[in-house]
1. Filter the range B:168-191 down to the residues that are of a type outside the set (A, V, I, L, M, F, W, C) and part of a loop (DSSP other than H, G, I, E, B) and list them by number.
2. Looking at A:L217, is it within 10 Å of another protein chain (Cβ to nearest Cβ), more than 14 Å from A:K102 (Cβ to Cβ), touching a Phe, Trp or Tyr at 6+ places or on another chain (Cβ under 7 Å) and buried (at least 19 other Cβ atoms within 10 Å of the Cβ)?
3. Hey, among A:L79, A:L63, A:L34, which residue is more than 30 Å from A:T243 (Cα to Cα), surrounded by fewer than 17 Cβ atoms within 10 Å (Cβ to Cβ) and not β-branched (V, I, T)?
4. Among A:V129, A:V170, which is the only one that is of a type outside the set (D, E, K, R) and at the interface with chain B (Cβ under 8 Å from one of its Cβ atoms)?
5. Consider the range A:105-123. How many of its residues are of a type in the set (G, A, S), more than 16 Å from B:V265 (Cβ to Cβ) and not in a loop (DSSP other than H, G, I, E, B)?
6. Restricting to the range A:64-88, count the residues that are outside any helix (DSSP H, G or I) and facing chain B (nearest Cβ under 9 Å).
7. Would you pick out the residues in the range A:89-110 that are without any contact (Cβ under 8 Å) to a residue 40 or more places away in the chain, more than 7 Å from every other protein chain (Cβ to nearest Cβ) and closer than 20 Å to A:A211 by Cα?
8. What are the pairs with Cβ atoms under 8 angstrom where one residue, in the range A:143-155, is under 23 Å from A:R238 (Cα atoms) and the other, located anywhere, is among the polar types (S, T, N, Q)? Sequence gap at least six, or different chains.
Amino acid sequence: MPAEFDSFTSGNVETRRRRLLTEPPVVRTTLLTLGIGFLVLFIGLPLVTVFTEALRKGWDAYLSALHEPAAFAAIELTLTVAAISVPLNMVFGVIAAWCITKFEFRGKSFLITLIDLPFSVSPVISGLVFVLMFGLQGWFGHWLSDNNIKIIFATPGIVLATIFVTFPFVARELIPLMQQQGTEEEEAAVILGANGWQTFWRVTLPNIKWALLYGVLLCNARAMGEFGAVSVVSGHIRGKTNTMPLHTEILYNEYNFVAAFAVASLLALLALVTLVAKSILEWKLKQAHALHAKSIANAES
Amino acid sequence: MTFSLFKSNPGSRRSVIPGFGITLGLTITWLSLIVLIPLAGLFLKSATLSFDQIVAILTSPRTLSALRVSFGISLGAAAINAVFGVIVAWILVRYDFPFKRVADAFVDIPFALPTAVAGIALTSLYAPNGWIGSLLEPLGIKVAFTPLGILVALVFIGLPFVVRTVQPVIEDMDKELEEAATALGATRRQIIWRVILPVIFPSIATGFALAFARAVGEYGSVIFIAGNLPLVSEIAPLLIVIRLNEFAYAQATTIAAAMLVISFVLLFIINLLQRWSARYAR
């Protein structure tokens, strides 16, 4: 009997405490409804629309819309552009992160701000700057046309604009992690006789591989999906300088909605795959962080 | 110039790790080639115009209207995102509901989904014959092809920013603080206003500024749904593209330079805000 009494009161205190530490049921329900409603309205419905519109006339129409030379050319161009710009930005990101996190120097935070700069530039302006440099009326326009080199309205311009737009992605993911990991492990490797390359490949890279992959993934999603910057430099030549997002726009403006949404659905699938991979990598990253923290704790004790 | 600016800290112990010179050199070279020189070219180009010409371009009714539409509607969209972003962050951290992890992952959709795809999807949703548009039509509300459509697109684009800046702060927030306040007799409402909001406010401000900065420059998702009527629903990035297609390079460049200057001021404010929220987070 006394035991029962005890548990009764303690249970009561516990529920009372929990009630005071959260909102009243009415407020909870309202917040849940608002929050979930907002997500469904602004994220769920647009995403569902892409696929229902693409399949509006059935699978055959969907597949035949994709089985088209212009669509193939757009897919090929998008893959080519990503295949050039993503590795370049990956290498740059690692180099920049190494420089920023392994050394102390004046002007470091200024350098980080400069690397982040493309994030705060409108995509349209990112394209415009290359038209001003390499377009016919640009700084190098005459020299380029005299030497018969085409950059604007051709693949090199699209690659340049894409590199600009995706510039910060890899460095952004690496810098916080490498800052947190510090320099002790690399210093130990160097003192034990490793050279710079060995230190990077055997010590640093294993520590940052998940964050690196994560950055590359985000960089790739943006590279394949970029619209504004690429639209300014591409010239919209069907079958030649149209990436997948640009091809989507042209089809849509021609009222060819099924085909437009069919190409769009491929890009939406890419986004979904990116998010799934991102969730997996975030989990791996958390593990890596925890492991690192544990190894530090072990070393200290 | 670069070497006096980025010099290894005098007085600090020289690092044994190799590669400072070469990595810094490569970083600055690549950064200059891809980002700094092209951006400088833009400012150089607009500097070839006289002051009067620049003023004339920037104060023409069409430019003014485009800037007003871009900045005004972005402000509205960022405000909506600030309110709903906090609610979404709160329910994701503190409440349980079905498919919570899926919802959490889907918050990033606007980051991952190409803007053109978002643009055509939102347009067909809010067009008069679309799922939402047909519901709003009888009420006399037109979204697609009006400034309201721009607002919808910019809310979509800015959605993750506030959620992702506020969410980690709520996660890190010490529940003991709330417990202590409860023990001292505070009501839940007092705790929300006096304990929780002051802690998360800097992160709300940061997310708001990030969403605003992103919305101002946004192009792909807006042009499909906006209707693009000059003086009414024409955004500044679109006006740049239009001027460029007319080969009016000076005009395009001047509007772009003006937008860049405003964005850089914003970036500076965001940096200050982030430093502020970092101080509060400790």
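1. Result: B:D174, B:G185, B:T187.
2. Working: within 10 Å of another protein chain (Cβ to nearest Cβ): yes; more than 14 Å from A:K102 (Cβ to Cβ): yes; touching a Phe, Trp or Tyr at 6+ places or on another chain (Cβ under 7 Å): no; buried (at least 19 other Cβ atoms within 10 Å of the Cβ): yes.
Taking the combined requirement at face value, the residue does not satisfy it.
3. After applying the criteria, what remains is A:L34.
4. On the way: A:V170 fails: at the interface with chain B (Cβ under 8 Å from one of its Cβ atoms).
Sole residue among the options that is of a type outside the set (D, E, K, R) and at the interface with chain B (Cβ under 8 Å from one of its Cβ atoms): A:V129.
5. Going residue by residue through the range A:105-123, those that are of a type in the set (G, A, S) are A:107, A:109, A:120, A:122.
Within this subset, residues satisfying the condition of being more than 16 Å from B:V265 (Cβ to Cβ) are A:107, A:109.
From the residues that got through so far, the ones that are not in a loop (DSSP other than H, G, I, E, B) too are A:109.
Total meeting the criteria: 1.
6. Counting residues in the range A:64-88 that are outside any helix (DSSP H, G or I) and facing chain B (nearest Cβ under 9 Å) gives 0.
7. Correct list: A:V91 only.
8. So the pair list comes out as A:F153/A:S234; A:F153/A:T241; A:A154/A:T241; A:T155/A:T80; A:T155/A:T241.
The values are calculated or read from the model by the stated rules, or taken from the named source; none is laboratory data. None of the values given here were measured: they were computed from a predicted structure. Here the Cβ is made from the backbone with ideal geometry for all residues, glycine too, and neighbour counts use every protein chain on show.
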